[in-house]
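Worksheet for the structure shown next.
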Amino acid sequence: MITGEVKSRVDAIWNAMWTGGLSNPQTVMEQLTLLLFLKGLDDAQTLAERQARARGTALERDLFPDQLDGIAIFDDGGNKIAEGRSYADLRWPRFVALPAAEMQEAAENHLIPFLRRLGSDGAPLRKHMASARYEIPTGRLLSKVVDLISDLPMKQRDTKGDLYEYMLSKVAAAGQNGQFRTPRHIINLMVAMTEPRRDDVVCDPACGTAGFLVSAAEYLRHNDADAWIDAEARQHIESRMFHGHDFDGTMLRLGAMNMALHGFEDASIAYRDSLTQEHGDEAEAYSLILANPPFAGSLDAEAVAKDLTRIVNTRKTELLFLALFLRLLKSGGRAAVVVPSGVLENDGRGHVAFRKLLLEECSLDAVITLPHFTFRPYASVATSILLFRKGFKTKKTLFFNLENDGFSSGAERSPIEGSELPQALSTYQKFMRGKEIETVRGKQEVYAYSSIKENGFDLSPRRYHKIFRAEDIGESIALSDVCSVKKGELAASSASDEGTYPFFTTSAQPKRSDNATDEGPAIIVPLVSSTGHGHASINHIHYCEGRFAAASITAVLMKRPEIPDEEFRKLYHLLRAKKNDLLVSEMRGATNTSLSLEKISQVRLPMLSKLKDPAFDKISKTEQELDELQLKMCSLRDQIADALGELEDWDGISESASDPKMKRAV
């Protein structure tokens, strides 16, 4: 771990870049990576020189020969003043000592060509750095940043890696195409669940800054330190074990640097558009996949790799990435991947077919529901972790509802107590070791494949984390057996302040409308989440008798003629009391969460005629008392209105406006 003092130094570098005109966090990170790489090259050269002297041998390769690079140098007037700059000027001690203007000239005109020259040797990091761009605008800013970087402790591997991770954490803007930086604690959870081994071949097909690969490497260091003593195992770990793909050049540079600073300079971090290129050279090449790919949008049909469409015929990236994982995994290989809720609950033909494929050709071991605020400040979106193994048909699946990940729900994501990460990990490990899992409704429960199949291969966590279930009480019926279900007709914006009829929207209190669209008794249920942002919730359900209007963002439940009024009122109270299990559990959507009329109609209810809980009698009695009070209130309001009418005739002198003798003659 790095200290607060070191973090302050990084913050100072970041602030210098910001005030110096570099406002894009990704650009700042790339420029810091460029300078850190240059400093790292000097450190490597110094070490090689020291080792050569100790062995009494010649230096194998001089990265910074004292010879001109052939790129002419001109003064401010455009006059050539040198045929080139010595490569040795880019060694960190000499580079730091250059005057600001000369340092800027060296960086602007000579640094990138120098890196391209080095990149020709094929080393992954050097190859990616050769395509970098230098964008620091002034020599003054460069000189300040270089001085600040020189003060950073970059000698120890652990410190270097942690420091760079802290820098990456400051990239606080969302990426393109649905990319969000995966929080480190979520990465570590997924890695711990998959337990990387020394003989694994690990891949992240959308690696970004290589956070998953770094975490897997560090897990191995802490849990199998002997692997570094075994020469063959060490060779595999450091050069053949880790593979990351991305199509963003900046991400490749950041990812390669992150791996290098953690001691894995030879990790394969390669350019690849994972969804459009064929994968014949990588098919069934990996034993472990860790990923949180960008699940946004669709691709043109002709652009999708044909070997993926043979697995799932779709253009949606959320399914194509999952098809890719199946294509890349060896038989027996395992995966831990983050998916949006649409993958689990979308009832489109392609989504259902893929879930069926996943359950029947893989063992879907667990669905870990993440808090909807996990990816703040980037976005609030419903996501889950899928853990599966290829080549084993699913027998049973653990569903775990992770509600507290150790950080607050606000944009700042401050640490809080009560993290459920240890519980999630231990529960999953017990499950995978064949131990009995205690059922805790709403938190953790194991379901057989047959139950998931009965649910139409719907994997929505809300469906499996219900606490109240109608079937527990006995015989159940569909909600459509009790009432017809239709959509409200009016726009929510059509409310009128002086309208005659109550107008129901998603608000707590009814508004008013000039038009009535229905006549009760009826129950009005919101179709859209009260909170949004990937979080499913319903705040208010209304009951109405008489004529009323309902907004198109609500569902109107109309009592069927054969249903007694008493049972319909029971339904209203039941929906209010158990809305999370009966209605919210049926809401769908990763960001804009909503209910469909079909899902409402299919809600299972206990037989209303058999519901004898004393609470219903208490509610009924209380409602009668409330009706009586409301009638009395109406009567009292009428008496007040009469008295106000009498006050209109009062002349201000008489003692009683109600005394006929005192009334003023008209």
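The values are calculated or read from the model by the stated rules, or taken from the named source; none is laboratory data. Remember, it's a predicted structure, so these values are computed and weren't measured experimentally. FYI the Cβ positions are ideal-geometry reconstructions off the backbone, even for glycines, and counts take in every protein chain you see.
Taking the stretch 507-554, which residues are under 19 Å from residue 584 (Cβ atoms) and β-branched (Val, Ile, Thr)?
Within the stretch 507-554, 523, 524, 525, 528, 531, 538, 541, 553, 554 qualify.
With the condition kept exactly as written, say whether any residue in the stretch 314-321 is buried (at least 20 other Cβ atoms within 10 Å of the Cβ) and not in a helix (DSSP H, G or I).
Looking for residues that are buried (at least 20 other Cβ atoms within 10 Å of the Cβ) and not in a helix (DSSP H, G or I), one finds at least one in the stretch 314-321, hence yes.
Quickly run through the stretch 13-48 and pick out the residues that are out of contact with any Asp or Glu (no Cβ under 9 Å at 6 or more places or on another chain), surrounded by 12 or more Cβ atoms within 10 Å (Cβ to Cβ) and more than 20 Å from residue 253 (Cβ to Cβ).
Residues satisfying the conditions are 16, 18, 20, 46.
Starting from residues that are outside any strand (DSSP E or B) and under 21 Å from the mean Cα position of the chain (by Cα), keep the ones in the stretch 255-295 and report whichever is nearest to residue 156 (Cα to Cα).
Among residues in the stretch 255-295 that are outside any strand (DSSP E or B) and under 21 Å from the mean Cα position of the chain (by Cα), the one nearest to residue 156 (Cα to Cα) is 255.
Among the residues of the stretch 461-500, write down those that are farther than 17 Å from residue 595 by Cα, among the polar types (S, T, N, Q) and surrounded by fewer than 15 Cβ atoms within 10 Å (Cβ to Cβ).
Of everything in the stretch 461-500, those that are farther than 17 Å from residue 595 by Cα, among the polar types (S, T, N, Q) and surrounded by fewer than 15 Cβ atoms within 10 Å (Cβ to Cβ) turn out to be 493, 496, 500.
Out of the stretch 348-371, which residues are farther than 13 Å from residue 186 by Cα and either within 19 Å of the chain's Cα centre (by Cα) or among the polar types (S, T, N, Q) (or both)? Step through it out loud before you land on a result.
Within the stretch 348-371, the first condition is being farther than 13 Å from residue 186 by Cα, and the residues that meet it are 348-367.
Hits for the stretch 348-371 are 363, 366, 367.
Considering only residues that are surrounded by 20 or more Cβ atoms within 10 Å (Cβ to Cβ) and closer than 24 Å to residue 535 by Cβ, which ones fall in the stretch 587-610?
Of everything in the stretch 587-610, those that are surrounded by 20 or more Cβ atoms within 10 Å (Cβ to Cβ) and closer than 24 Å to residue 535 by Cβ turn out to be 587, 588, 589, 590, 593, 595, 600, 603.
So, residue 214, is that one buried (at least 23 other Cβ atoms within 10 Å of the Cβ), modelled with pLDDT under 95 and in the same structural domain as residue 281 (by TED's automatic domain parsing) or not?
Answer is yes for this residue.
If the requirement is being of a type in the set (Asp, Glu) and under 21 Å from residue 569 (Cβ atoms), which of these qualifies: 472, 481, 458? Before the answer, list the steps.
Working: 472 fails: under 21 Å from residue 569 (Cβ atoms); 458 fails: under 21 Å from residue 569 (Cβ atoms).
Going through 472, 481, 458 in turn, the sole match is 481.
In the list 526, 510, which residue meets the criterion of being in the same structural domain as residue 476 (by TED's automatic domain parsing) and closer than 30 Å to residue 376 by Cβ?
526
Can you tell me which residue within the stretch 163-191, out of those that are surrounded by 21 or more Cβ atoms within 10 Å (Cβ to Cβ) and at pLDDT 90 or above, is nearest to residue 252 (Cα to Cα)?
So, considering only residues that are surrounded by 21 or more Cβ atoms within 10 Å (Cβ to Cβ) and at pLDDT 90 or above, the one nearest to residue 252 (Cα to Cα) is 187.
Would you please list the contacts, defined by Cβ atoms under 8 Å and residues six or more apart or on different chains, that run from a residue in the stretch 248-265 that is acidic (Asp, Glu) to a residue that is modelled with pLDDT under 85 and in a helix (DSSP H, G or I)?
265/124; 265/125
In the stretch 20-68, which residues are farther than 30 Å from residue 168 by Cβ and either in contact with a Pro (Cβ under 7 Å, 6 or more places away or on another chain) or among the hydrophobic types (A, V, I, L, M, F, W, C) (or both)?
Those that are farther than 30 Å from residue 168 by Cβ and either in contact with a Pro (Cβ under 7 Å, 6 or more places away or on another chain) or among the hydrophobic types (A, V, I, L, M, F, W, C) (or both): 52, 54, 58, 59, 68.
Is the stretch 57-75 home to any residue that is surrounded by 15 or more Cβ atoms within 10 Å (Cβ to Cβ) and part of a helix (DSSP H, G or I)?
No; the residues of the stretch 57-75 include none that is surrounded by 15 or more Cβ atoms within 10 Å (Cβ to Cβ) and part of a helix (DSSP H, G or I).
Quick check on the stretch 529-560: of everything there that is modelled with pLDDT under 90 and of a type in the set (A, V, I, L, M, F, W, C), which residue is surrounded by the fewest Cβ atoms within 10 Å (Cβ to Cβ)?
Looking at the filtered set, the residue picked out is 538.
Kindly indicate which of 267, 296, 301, 335 is more than 23 Å from residue 589 (Cβ to Cβ) and at pLDDT below 85.
Testing whether each residue is more than 23 Å from residue 589 (Cβ to Cβ) and at pLDDT below 85 leaves just 301.
Among the numbered conditions (1) modelled with pLDDT under 95; (2) outside any loop (DSSP other than H, G, I, E, B); (3) farther than 26 Å from residue 152 by Cβ, tell me where residue 206 comes up short.
(2)
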